[in-house]
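Read the structure below first, then the notes.
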Amino acid sequence: MTNSMIKVDHITKTFNGFTAVNDASLEIEKGEIVCLIGPSGSGKSTLIRCINGLEHPETGKVYIDGEELDPKSGNFAQIRRKMGFVFQHFNLFPNMTVLENLTLAPVKVLGKSQQEAEDVAMKYLQVVGLVEKKDEYPNKLSGGQKQRVAIARALCLEPEMMLFDEPTSALDPEMVLDVLNVMKELANEGMTMIVVTHEMGFAKTVANRVVFLEDGKIVEDTDAKTFYENPESDRAKDFLSKVMY
Amino acid sequence: MNAFIEFLTLDNLTYMLFGLVWSVIYGVIVVLVGTILGIIGAALKISKHKVLQSIGGLYTTVFIGTPMMLQILFFAVALPQALSFTGMRFEPTTLGVVAMCLNAGAYQTELIRSGILGVDKGQWEATETLGLSYFQAMRYVILPQAFKRIIPPLISEFMTLIKDSSLLYNIGAIELTASASVLGSRSAGIMIPYLDAGIMYIVIYLILSRVEKMAERRLAVSD
């Protein structure tokens, strides 16, 4: 019996009495590209952060490759390393150059030599198209460039899956495409991806599955084509009618 | 004015400069040790363990809540007296500097703590997702950013400590104010040596102010 790559089992997460995620369950297999969509406050960011261990659900469990993600257990950090995470606001380290941002974790966490780490870093800078920026500090980069560096930084740990939390929401429109193209490349190469996004075009063309949330609950979970052409639930229909201009 | 120029003999000047050098040395020692204590104190105060938090809180309450003069007297005079039964001999100046270090450490705790808390939460989350440990996150990402914020206040803290070292005069240490007092008691009046000491402190202040402004400008570049 093979384990799903990610299994979310009836998780609930509240913040000060507000229920952000309400009894959510889903399973994601290797190679799937899943988009989490829904109105603001629907719980999609909280859900993806629970999957990555940045938030800890009060009830329910998260399993990565069959192993339970538990902050109290000894292998918590190790399991989390299987997932690369890309933030809406990039979170690059301003006190380091692009190359240093990329090599820090491979050297300090994976124990690679500086040279090995740099070779890997250059490879991924190539993938995101920013080799020439390797010695720049983040404050010299545009938003789109920062996000592509952030993606490269996550990739340098060679994770099994990549999680994106609204990767393009903080970008000016003309930079969004560059980032989405990088993500599309990753998808084409078979990376398992979960993306919280408002970019309907991306979800429609790149995702093979869409999970629609509202008020913390998973309302619909179908393949992307079906979702956009013929959603089951009324709430999904309602949402789509509002967002597809 | 004539008396002032008469005062500036080579001997007197050397004696005063000797005191000034010691004032600066005390300043350097205290600011460095104080910074180390400050990092420890800040780590205690931001810790999630209530016990560690309380220890940090107690430290800052005691050393920020009482005058430095009292702390110096406590360590350099009271403690040796209380421990005299052990037969151990203590150097008052050393103990006085210890007291100053603990005091500076408490103020640094607050400064460094505010620097750390000023670092965006997203930075911590990024280190978590990359698998860095708490110590690695602090060492490579958080503290460097926290320190950038607090370097100008740190330089002015250094200046304050050079001036505060004058309190050590009360326990017989060698430093600038003591030098001025000694020369004043020898000669015709105490006014001129004190004026001279004042001028020397001001010169140090002006130099450090300049350094602070340069540091501020340099740090703003990488913002």
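Rule-based calculations on the coordinates, nothing more; no lab input. Keep in mind that this is a model prediction, so the values were computed, not measured. Because the Cβ atoms are built from the backbone with ideal geometry, glycine has one as well, and the counts that use them run over all protein chains shown.
Among the residues of region A:100-133, which ones are assigned to a helix (DSSP H, G or I), within 14 Å of chain B (Cβ to nearest Cβ), of a type in the set (A, V, I, L, M) and in contact (Cβ under 8 Å) with a residue 12 or more places away in the chain?
A:L102, A:A105, A:A117, A:V120, A:A121 - these are the residues of region A:100-133 that are assigned to a helix (DSSP H, G or I), within 14 Å of chain B (Cβ to nearest Cβ), of a type in the set (A, V, I, L, M) and in contact (Cβ under 8 Å) with a residue 12 or more places away in the chain.
Could you check, for region A:134-156, whether at least one of its residues is under 30 Å from A:T19 (Cα atoms), within 12 Å of chain B (Cβ to nearest Cβ), surrounded by 19 or more Cβ atoms within 10 Å (Cβ to Cβ) and in contact with a Ser or Thr (Cβ under 8 Å, 6 or more places away or on another chain)?
Scanning region A:134-156, I find at least one residue that is under 30 Å from A:T19 (Cα atoms), within 12 Å of chain B (Cβ to nearest Cβ), surrounded by 19 or more Cβ atoms within 10 Å (Cβ to Cβ) and in contact with a Ser or Thr (Cβ under 8 Å, 6 or more places away or on another chain), so the answer is yes.
Condition first: among the hydrophobic types (A, V, I, L, M, F, W, C), over 14 Å from the mean Cα position of the chain (by Cα) and away from chain B (no Cβ under 14 Å). Now tell me which residues in region A:24-70 satisfy that.
A:A24, A:L26, A:V62
Yes/no matrix, rows are residues, columns are (1) without any contact (Cβ under 8 Å) to a residue 40 or more places away in the chain; (2) among the acidic types (D, E):
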site	(1), (2)
A:C156	no, no
A:P167	no, no
A:A170	no, no
A:E174	yes, yes
A:K184	yes, no
A:M193	no, no
A:R209	no, no
A:D221	no, yes
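Restricting to region A:71-85, count the residues that are crowded, with 17+ Cβ neighbours inside 10 Å, more than 8 Å from chain B (Cβ to nearest Cβ) and either in contact with a Leu (Cβ under 7 Å, 6 or more places away or on another chain) or assigned to a helix (DSSP H, G or I) (or both).
Total meeting the criteria: 1.
With respect to A:A20, is the statement that it is surrounded by 17 or more Cβ atoms within 10 Å (Cβ to Cβ), touching a Ser or Thr at 6+ places or on another chain (Cβ under 9 Å) and more than 24 Å from A:M183 (Cβ to Cβ) true?
Answer is yes for this residue.
Taking A:F93 as meeting all but one of (1) part of a loop (DSSP other than H, G, I, E, B); (2) buried (at least 20 other Cβ atoms within 10 Å of the Cβ); (3) more than 14 Å from every other protein chain (Cβ to nearest Cβ), write down the number of the exception.
(3)
Report, by residue number, each residue of region A:165-222 that is part of a loop (DSSP other than H, G, I, E, B) and β-branched (V, I, T).
Answer for region A:165-222, where residues must be part of a loop (DSSP other than H, G, I, E, B) and β-branched (V, I, T): A:T168, A:T197.
Do we have B:A126 as of a type in the set (A, V, I, L, M) and either touching a His at 6+ places or on another chain (Cβ under 8 Å) or within 20 Å of A:G84 (Cβ to Cβ) (or both) here?
Answer is yes for this residue.
Mind listing whichever residues of region A:223-237 are polar (S, T, N, Q), touching a residue at least 12 places away in the same chain (Cβ under 8 Å) and in a helix (DSSP H, G or I)?
Matches in region A:223-237: none.
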